[in-house]
Each structure stands twice: as structure tokens, then as C-alpha cells.
Amino acid sequence: MSLLLATLLPGLLLIALGAPLLVNHSGFVAALKALPRSATAAYLFFGAGAAWFLWNVIHLSTADFGEYRTLLAIAFAAVAVLSFKCVPDFLAVRGLCVLLLLAASPLLMAGYMIYDPWTIYFYKILVYVGIVLAIWFGASPFRLRDFFEWLFARPARTRGFGAALLVYGMLLAIVAFTY
């Protein structure tokens, strides 16, 4: 992945999330409120995260337990399938966390050992904050529901959070073209 894409894609994602929150779009707000316990979102996000993780396991090198990759893939696939039966609550949140953690690697590798220009830190900080949030929400997924309840309790909070996401996304989109 190029540095341009590694900076532009998170910026566009923040713009896509921030714009509907800034205008307090009722359909978008309702979808976010329903997200943590949504079965459809669980199948989509957790399924995509499990598939991506299994793809990584299948392509392990010999130095990384590659000789056991078939056994590991079967075991992790069983865990993923059983997750839908045994722990269906907040599985969509966990799926989003898995996707965010897996996406962090190629995003950070694009800027590996690059320290100049100083604007590169705008996207690196965002990725590291995303990693911390993914670990936090992955361990306690009910906290995303609680955050949404707090965020949507007052329209000013929703608009302010949306504005912050939109501005930071626009900053990243602009910075992406300066490398």
C-alpha cells in the first residue's frame, strides 16, 4: 500500500462517518444505535474479520508456525463459527475491532521508517488511536453501546463529534497529497 492510500483511505472514512453525524442524519444515527447488537452487522463485520484473519493464518511462513497452518486454520475457523452460537452479543463490535486491528498493519507498514515530512504523524496517530480503541472495545464491547448512548443524548454532542471527524478526515485527505 502506498503512503498516499494509507493516509487518504482513513481520511475518507472519517469524512464518511463525520458528515452524517454533523447534520445529525436520523437514519445514520439509528443505524449506529442498532449496530452493537445487529445480527446482520455481526455476520458482515465478524465474518469479514474472520475471513481476513484466516487468510493470514493460511499464508503464514514456516518461521511463524507455518508448518501447522492447516491445523491452526481449522481451529480458528471453528472458533469463529462457534462465536456466532456461543457469544452472539456485541459480535458486530468485535468484528469491527478485528477488522480495525488487521487493517492497522498495512496502514502502518506504508509509513514504516518514514519520519519526514512531519505531517505523516497525522495518520500514524489516528491509526494508533484506532488500535487502542479496538483493543478497548474488543475487550468490553458494551462500552461502544454506552458511548453511543452518551453521544446521541444531546444533538450538540453528535454534531460536535461529527464536525471533529469531518475536519480531521479533511486534514488527512489534504495531507495525503503532500507527500
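Of all residues in segment 1-48 being of a type in the set (Phe, Trp, Tyr) and in contact (Cβ under 8 Å) with a residue 40 or more places away in the chain, which is surrounded by the fewest Cβ atoms within 10 Å (Cβ to Cβ)? Before the answer, list the steps.
We begin by selecting, within segment 1-48, every residue of a type in the set (Phe, Trp, Tyr); these are 28, 43, 45-46.
If we keep only those that are in contact (Cβ under 8 Å) with a residue 40 or more places away in the chain as well, we get 43, 45-46.
Values: 43: 14, 45: 22, 46: 23.
Filtering segment 1-48 for residues that are of a type in the set (Phe, Trp, Tyr) and in contact (Cβ under 8 Å) with a residue 40 or more places away in the chain, the one surrounded by the fewest Cβ atoms within 10 Å (Cβ to Cβ) comes out as 43.
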The condition from (1) farther than 19 Å from residue 19 by Cβ; (2) without any contact (Cβ under 8 Å) to a residue 60 or more places away in the chain that residue 178 misses is numbered (2)
I'm trying to understand the selection: among the residues of segment 90-117, which are surrounded by 13 or more Cβ atoms within 10 Å (Cβ to Cβ), more than 13 Å from residue 45 (Cα to Cα) and either of a type in the set (D, E, K, R) or touching a Pro at 6+ places or on another chain (Cβ under 8 Å) (or both)? 107
Which one is nearest to the chain's Cα centre (by Cα), of the residues in segment 132-172 that are buried (at least 17 other Cβ atoms within 10 Å of the Cβ) and without any contact (Cβ under 8 Å) to a residue 60 or more places away in the chain? 134
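Per-residue answers, yes or no, for (1) modelled with pLDDT under 95; (2) in contact with a Leu (Cβ under 9 Å, 6 or more places away or on another chain); (3) assigned to a helix (DSSP H, G or I):
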position	(1), (2), (3)
11	no, yes, yes
30	yes, no, yes
45	no, yes, yes
52	no, yes, yes
68	yes, yes, yes
98	no, no, yes
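For the subset of segment 109-125 comprising residues that are in a helix (DSSP H, G or I) and of a type in the set (A, V, I, L, M), which member is nearest to the chain's Cα centre (by Cα)? I'd like the intermediate steps shown before the answer.
Quick first cut of segment 109-125, residues in a helix (DSSP H, G or I) only: 109-110, 120-125.
Still in the running and of a type in the set (A, V, I, L, M): 109-110, 120, 125.
Details: 109: 16, 110: 17, 120: 20, 125: 14 Å.
In this case the residue turns out to be 125.
The values are calculated or read from the model by the stated rules, or taken from the named source; none is laboratory data. Predicted, not measured: the structure shown is a model, and the values here were computed from it. Neighbour counts are summed over all protein chains in view; Cβ atoms, including those assigned to glycine, are modelled from backbone coordinates with ideal geometry.
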